[in-house]
Amino acid sequence: MATSLQPDQDASPPVVLSGSPTEPKKHRDPDGWRSRLYRLDLKATPYVYVAPFFLVFAAFGLFPLVYTGWLSLQKVELGGEAEWRGFDNYLRLWDSDFFWNALANTFTIGLISTVPQLLMALGLAHLLNYRIRGRGFYRVAVLAPYATSIAAAALVFAQLFNTDYGLINQLLGYVGIDAVNWETEKWPAQIAISTIVTWRWTGYNALIYLAAMQAVPNDLYEAAALDGASRFRQFISITIPSIKPTILFTIVVSTIGATQLFGEPLIFGGSLGIGGGSGNQYQTLSLLMYEKGWITGALGQASAIAWVMLLLLLLIGLVQHLLGRSGRGKKKDGAARS
């Protein structure tokens, strides 16, 4: 007779002791650490990518800025120890005729170089915006002066404006004008230096204007042409208002560049370039800062001049912001009224 192998239905289940090998283990997510690592990667990767920029900026931008600000409050001679003076360096600049002369020269040279430069750049961009033969060559050609080094350009123009044998005085002599002392007189020297700046940066600004002009819709010009507007009227009424933000940008950038003008007057003046000529007639703030720091050894005063230049640049940026903001506000008001 066969014996049933089925277990007894009334038998109780086996008792599992705590800590025995047969105890069921708690469920663990094998991918939990991977999820945390993935979330950490999403959050940390962007900071890792931008970290090199901030490290370089902190080392070569922020630290020199802060350190220069600290030096401006000290009396520091080249190779000596620092001595706390507070705002004495700034007060000495306020009472210095050399500082105000350099500030005035920086303003006048910047004005003489910026205004003609941007006007000529605007005209060049308007001409290059038309479909003329060889306009690709002209676009490259106008950028060639920008690619020229400051030293080379300044040396060439120094020879052109030489008082004794310069080409400019020779041309003036042909039309009956006496020779001009381009190096010793104030206004001729500033005009000569402004000519170097204008020659180098006109093409660069022209290409910026050209890029902005090409973004203006052609429908506006076609509608104006149908209404009988001439090309000059289209330029005044359509082109300039459409690229006004770009014009404001170039004005601010050119003004900042004029504030930091250094290489052109330094090389133009030769041995007298650091002092801005025999009578400081074209000494800019950058030249005065260099003279105070490395010629006279007054690093505290040079640092104070550097911070004054920084404050001027911040003021220029604030003016740009306010002008741009007022322009956008007027546009919104005009759109709301219409």
Fill in the blank from the handout: Rounded to the nearest 10 degrees, the helix 244-259 long axis (Cα) sits at an angle to the longest Cα principal axis of the chain of 70 degrees
Practice task
Take the Cα coordinates of the range 152-305, assign each an equal point scatterer, and use the Debye formula without solvent to give log10 I(q)/I(0) at q = 0.09, 0.16 Å⁻¹.
Solution key: -0.47, -0.92
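Restricting to DSSP H runs of at least four residues, report the calculated mean residue ellipticity at 222 nm for the chain, -39500 (n - 2.57) per run over all residues, nearest 500 deg cm²/dmol. It would help to have the intermediate numbers written out before the result.
Working: 15 runs with 212 residues, N = 338.
Rounded to the nearest 500, it is -20500 deg cm²/dmol.
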Handout entry: Binned Cα-Cα distances of the range 191-274, short to long, each 10 Å bin given as a whole percent
Key = 15, 34, 24, 16, 8, 2, 0
Fill in the blank from the handout: For the chain, the longest principal axis of the Cα atoms and the Cα long axis of helix 32-57 enclose an angle in degrees, to the nearest 10, of 10 degrees
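Scan the range 160-231 for chymotrypsin sites (Phe, Trp or Tyr not before Pro) in coil per DSSP, keeping those whose Cβ has at most 12 other Cβ atoms within 10 Å, and list them by number. Walk me through the numbers on the way to the answer.
Numbers: sites: PHE161, TYR165, TYR174, TRP182, TRP199, TRP201, TYR204, TYR209, TYR221; in loops: PHE161, TYR165, TRP182.
For chymotrypsin sites (Phe, Trp or Tyr not before Pro) across the range 160-231 that sit outside H, G, I, E and B with at most 12 neighbouring Cβ atoms in 10 Å, the list reads TYR165.
Can you give the longest stretch of the chain with no exposed loop site, where a site means trypsin sites (Lys or Arg not before Pro) in a DSSP loop (not H, G, I, E or B) with at most 14 other C-beta atoms within 10 Å?
On the way: sites that count: LYS25, LYS26, ARG28, ARG131, ARG133.
For trypsin sites (Lys or Arg not before Pro) (loop position, at most 14 other Cβ atoms within 10 Å), the longest site-free span of the chain is 134-338.
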Exercise for the section: Mind putting a number on the dipole of the chain about its Cα centre? Charges go on the C-beta only, +1 for Lys and Arg and -1 for Asp and Glu, and I need it in Debye to the nearest 20. Expected result: 1220 debye
Fill in the blank from the handout: Taking only C-alpha positions in the chain, Rg and Dmax in angstrom work out to 34.6, 146
Practice task
Count the lysine pairs in the chain whose Cα atoms lie under 17 Å apart, taking only pairs 8 or more positions apart in sequence or on different chains.
Solution key: 4
Problem - Over the range 195-243, volume per residue of the alpha carbon convex hull, in Å³ - result: 74 Å³
Practice task
Please state, to two decimals, what the Cα-based radius of gyration of the range 63-117 comes to when divided by 2.2 N^0.38 Å (N = residues).
Solution key: 1.54
Fill in the blank from the handout: Longest principal axis of the chain (C-alpha) makes with the long axis of helix 299-337 (C-alpha) an angle, in degrees to the nearest 10, of 80 degrees
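Only the coordinates and a few stated rules stand behind these numbers; no lab work does. Owing to the predicted nature of the structure, the values given are computational and were not obtained by experimental measurement. Positions of Cβ are generated from backbone atoms using ideal geometry, with glycine treated the same way; all protein chains shown enter the neighbour counts.
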